[in-house]
Every structure is written in C-alpha cells, then in structure tokens.
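Asker: Got a structure for you, questions after.
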Amino acid sequence: KGICLHPGVDPWNRRLGFIANRPWGDFAVAMICNPEETTVTLNTQFFAFNQLGTRFHVWSFWTGEYLGIRGVDFPVTLKTHDVALVRLTPVGDQMFPTLIGSDLHIAMGAAEIDDITASGNQMTITLCPDAGARDGHLYIYLNGWSVNKVLAIGCNACVENVVDNVLCLHVTDRKTSGEQSVTIVQNQN
C-alpha cells in the first residue's frame, strides 16, 4: 500500500511510496513527481524508509538505470510534469548478489518475485507466474561476483549487460502457470 511520505506538508503529494517486507529482503519503492510547469530539483527526503537502513542501492524503473548507493535524502531533477519511480534496496554486508530492480512489474519485485535464495555459488529468483509482464529485466548488484552461467525454468533468461557491478538479466517467454525461476551461477576461479 502506497502512502504519502510527507503528509500535511506537501499539498501536491510529490513523494509517495511503500515498504515491501519480504522474507528474502525488505526494500522500498518511491515515486517523486513534478506537477510544476518548469524543471525542478527535489530532495527525496525518504525519512520514512530509515527503518530499512541508511544506505541504499537506488534503481530507476522508467530508465532502467542504477543510480548508485545513496542515503534517504538525495536530489532528483524532474522536467515539467515528469515522474521518477525508484526502488531503494538496503546495502548490506552480504556475500551474495542482491536484487535491486525489476521492470516485470511497476512494484519492482513486490508482486512478481515469490522468493530469492542464495547459497554456495548460486542465486535463484523464483517468479510468481501470474504476476508481472511476460518479458522484462531483473537487475542484480553482483557484490563482486562474476557470472558463469544462467539457468532458467519456465521462461528464458540471458545476460543482457553488466555495468558498474550490475547484472541485467533479460527474462522472456514467461507463462501464466507453472514453476518459473532464474538462477545465476558464480564463476569459480
């Protein structure tokens, strides 16, 4: 459920969002909008997300860009009537890769992901077959991993690109029923 992140202070409700509590990892989704007739720079001021941590991987839904590691308060420049939609994933001291974004659903992982498990040299993302687009991308912060292999069940998946330690997996041909998962396997040197 989305909430106004500055109730009573911002009559335009320029900052809306929610926290997704999941067994495999909590994250936040936020929308920042510009109702003005000019370009503006707004600070995000996502202080409602402090309970998740102080540093976040920030990923943009509309542009598919990794915006780096930020705190809860960073500037966003928006053109006239523009909207930014971002996912904030807490940065942890994890040994395994971290899902930081998905464009399979506008909730960026809250609806179309059933589970994420990681152990040994692999990470598996189990998809909810009846939620989300049939084709799209999963974005994973690699935490120093290099991927040797991608395995898919109930769909197709391939590495589209890797930039700044972020892996983009292109997922296609998802069905509306049956098991669906994508597994990345670490390169063993």
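The values are calculated or read from the model by the stated rules, or taken from the named source; none is laboratory data. Values in this document were obtained by computation on a predicted structure and should not be read as measured data. Reconstructed Cβ throughout: ideal geometry from the backbone, glycine too, with neighbour counts over all protein chains shown. Just the protein is used for accessible areas: all its heavy atoms, side chains included, with ligands, DNA and RNA removed. Shrake-Rupley method; radii C 1.70, N 1.55, O 1.52, S 1.80 Å.
Asker: Please find, in a Gaussian network model of the chain (springs between Cα atoms separated by less than 10 Å), the residue of 120, 92, 132 whose mean-square fluctuation is greatest.
Answerer: Checking each option, the largest mean-square fluctuation is seen for 120.
Asker: While we're looking at this one, here's another question. Have a look at 45, 94, 122 and tell me which one the Gaussian network model of the chain (Cα, springs below 10 Å) gives the largest fluctuation.
Answerer: 94
Asker: Mind listing the long-range amide H neighbours of residue 104? Cut-off is under 5 Å, sequence gap 5 or more, other chains count too, H placed in the peptide plane at 1.01 Å from N.
Answerer: Amide H neighbours of residue 104, under 5 Å, 5+ apart: 137.
Asker: Also: Calculate, for residue 162 and residue 94, the FRET efficiency according to 1/(1 + (r/R0)^6) with r their C-beta to C-beta distance and R0 25 Å; round to the nearest 0.05. All intermediate terms of the calculation are to be shown ahead of the outcome.
Answerer: Working: r = 18 Å, r/R0 = 0.72.
According to the calculation, E is roughly 0.85.
Asker: Could you give the alpha-carbon Rg of the chain over 2.2 N^0.38 Å, rounded to two decimals? Write down the numbers at each step before the final one.
Answerer: Values: Rg = 16.9 Å, N = 189, 2.2 N^0.38 = 16.1 Å.
With N residues counted in the chain, Rg over 2.2 N^0.38 Å equals 1.05.
Asker: Heavy atoms of the protein only, probe of 1.4 Å, neighbouring chains included. What is the accessible area of residue 22 in Å², nearest 10?
Answerer: Surface open to solvent at residue 22 totals about 70 Å².
Asker: Of the listed peptides 157-167, 136-146, what is their order by residue-averaged count of other C-beta atoms within 10 Å, with the highest listed first? Numbers along the way, then the final one.
Answerer: Details: 157-167: 14.5, 136-146: 18.7.
Averaged packing, sorted descending, gives the order 136-146, 157-167.
Asker: Related question: Comparing 95, 108, 31, which has the greatest mean-square fluctuation in the GNM of the chain with Cα pairs linked when under 10 Å apart?
Answerer: Maximum fluctuation in the GNM of the chain, among the listed residues, is at 95.
Asker: Stokes-Einstein diffusion coefficient for region 1-91 at 4 °C in a medium of 1.567 mPa s, Rh from the Kirkwood formula over Cα pairs: what value in µm²/s?
Answerer: Working: Rh = 13.3 Å.
Answer, rounded: 97 µm²/s.
Asker: So for region 138-189, Kirkwood radius off the Cα pairs, Stokes-Einstein at 10 °C and 1.306 mPa s: how many µm² s⁻¹?
Answerer: Working: Rh = 11.6 Å.
It comes out at roughly 137 µm²/s.
Asker: Could you estimate the translational diffusion coefficient of region 62-149 from the Stokes-Einstein equation, with Rh from the Kirkwood formula over C-alpha pairs, at 37 °C and 0.692 mPa s, in whole µm²/s?
Answerer: Numbers: Rh = 14.7 Å.
D = 223 µm²/s.
Asker: Between residue 135 and residue 111, 0.36 nm times their residue separation minus their Cα-Cα distance comes to what? Please report the intermediate quantities before stating the final value.
Answerer: Working: separation 24, 0.36 × 24 = 8.64 nm, distance 1.49 nm.
Here the segment from residue 135 to residue 111 would lengthen by 7.2 nm.
Asker: Going by accessible area, probe 1.4 Å, with all protein chains left in place, what is the ranking of 119, 60, largest first? Before the final figure, lay out each step's value.
Answerer: Details: 119 75, 60 10 Å².
Of 119, 60, the descending order of accessible area is 119, 60.
Asker: Using a 1.4 angstrom probe on the protein heavy atoms only, line up 76, 58 by accessible area, largest first.
Answerer: On the way: 76 20, 58 0 Å².
Final ranking, largest accessible area leading: 76, 58.
Asker: For region 25-125, with only Lys/Arg (+1) and Asp/Glu (-1) charged at the beta-carbon, what is the dipole magnitude about the Cα centre, in debye rounded to 20? Write down the numbers at each step before the final one.
Answerer: Working: 4 positive and 11 negative charges, 48 e Å.
Here region 25-125 has a charge dipole of around 220 debye.
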